[in-house]
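Below is one structure; the comments refer to it alone.
The values are calculated or read from the model by the stated rules, or taken from the named source; none is laboratory data. Please read all numbers here as calculations on a predicted model, not as lab measurements. In this analysis, Cβ positions are derived from the backbone assuming ideal geometry, glycine residues included, and neighbour counts consider all displayed protein chains. Note: accessible area is taken over every heavy atom of the protein model, side chains too, but ligands, DNA and RNA are not part of it. Shrake-Rupley method; radii C 1.70, N 1.55, O 1.52, S 1.80 Å.
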Amino acid sequence: MKHSVAPSILSANFANLQADIELINRSKADWFHVDIMDGMFVPNISFGFPVLSAVKRYAQKPLDVHLMIVDPDRYLRQFQEGGADHIIVHYEACTHLHRTIHAIRDLGCRAGVALNPHTPVMLLHDIIADLDQVLIMSVNPGFGGQQFITNTYDKIRELRALAAGRNDRLIIEIDGGVSADNTLDLLKAGANALVAGSSIFSASNPEQAIAEMKSADPREIDL
Ligand code: DX5
Ligand code: ZN
């Protein structure tokens, strides 16, 4: 299965979001990655429902909504109504993760769990069969433009091994410090969805940056 590329609109131009949404529509990207931050779970505040709905109005691709908020159960329905197609909650923010995941699925959305850099993938052992996607944070969540944490490669391999035979269709998504430079290594380790914010929107040609990430082929042999 070809990997997915999800530009993070956290790095888009908020003064002209429509132009950047249309750019993503035109590009080879697969999803819009939408980062919701509450100033509690992470030391930053991004945006909420009105902005999500405005993105949904113009977006022609699924919205991959990453909730960096405490107690996300309070708002799942509102995110679904606001246009989320995938809802990703943080392992560290959920007391009853199994209940939360099934609540997301009951809303008709794809359900995902995100792991902070310090959270071991083994903690997903008893929930992995219920998940559509796992998002491995490759920076500490809260801000775009941070440096990629290289331990992520080991986590991807461990997670792929954990999913083998339990959930072979699991999407492993990587978020933070991702660019065309580490795309191939991430895919080779077993990732199949890549989020990128600053590397795409600070590129002189963002559509080209997306196309470059999309065209990477992990089956190519290094010569
Ligand atoms: C960080 C967010 C990311 C962020 C990635 O907390 O979850 O989605 O937008 O930004 P870059 O690609 O710049 O690291
Ligand atoms: Zn994110």
Could you list all residues from the range 28-80 that are within 18 Å of the chain's Cα centre (by Cα) and of a type in the set (Ser, Thr, Tyr)?
Ser46
Residues of the range 135-155 classified as more than 14 Å from the chain's Cα centre (by Cα) and among the aliphatic types (A, V, I, L, M), total:
1
Restricting the search to the range 172-192, which residues are among the β-branched types (Val, Ile, Thr) and open to solvent by 20 Å² or more (accessible area, probe 1.4 Å)?
none
In the range 1-37, residue farthest from Ile171 (Cα to Cα) [restricted to those that are touching a Pro at 6+ places or on another chain (Cβ under 6 Å) and outside any helix (DSSP H, G or I)]:
Ala29
Restricting attention to the range 16-33, does a residue exist that is polar (S, T, N, Q) and open to solvent by less than 10 Å² (accessible area, probe 1.4 Å)?
no
Per the list (1) without any contact (Cβ under 8 Å) to a residue 40 or more places away in the chain; (2) outside any strand (DSSP E or B); (3) in contact with a Lys or Arg (Cβ under 9 Å, 6 or more places away or on another chain); (4) not polar (S, T, N, Q), residue check on Met40 breaks on (3)
Would a scan of the range 182-205 turn up a residue that is away from ligand 1 (no atom under 16 Å from the Cβ), within 16 Å of Ile9 (Cα to Cα) and not hydroxyl-bearing (Ser, Thr, Tyr)?
yes
Does Phe148 meet the test of being touching a helix residue (DSSP H, G or I) at 6+ places or on another chain (Cβ under 9 Å), under 16 Å from Asp35 (Cβ atoms) and open to solvent by 30 Å² or more (accessible area, probe 1.4 Å)?
no
Looking at Phe49, is it surrounded by fewer than 16 Cβ atoms within 10 Å (Cβ to Cβ) and within 15 Å of ligand 1 (Cβ to nearest atom)?
no
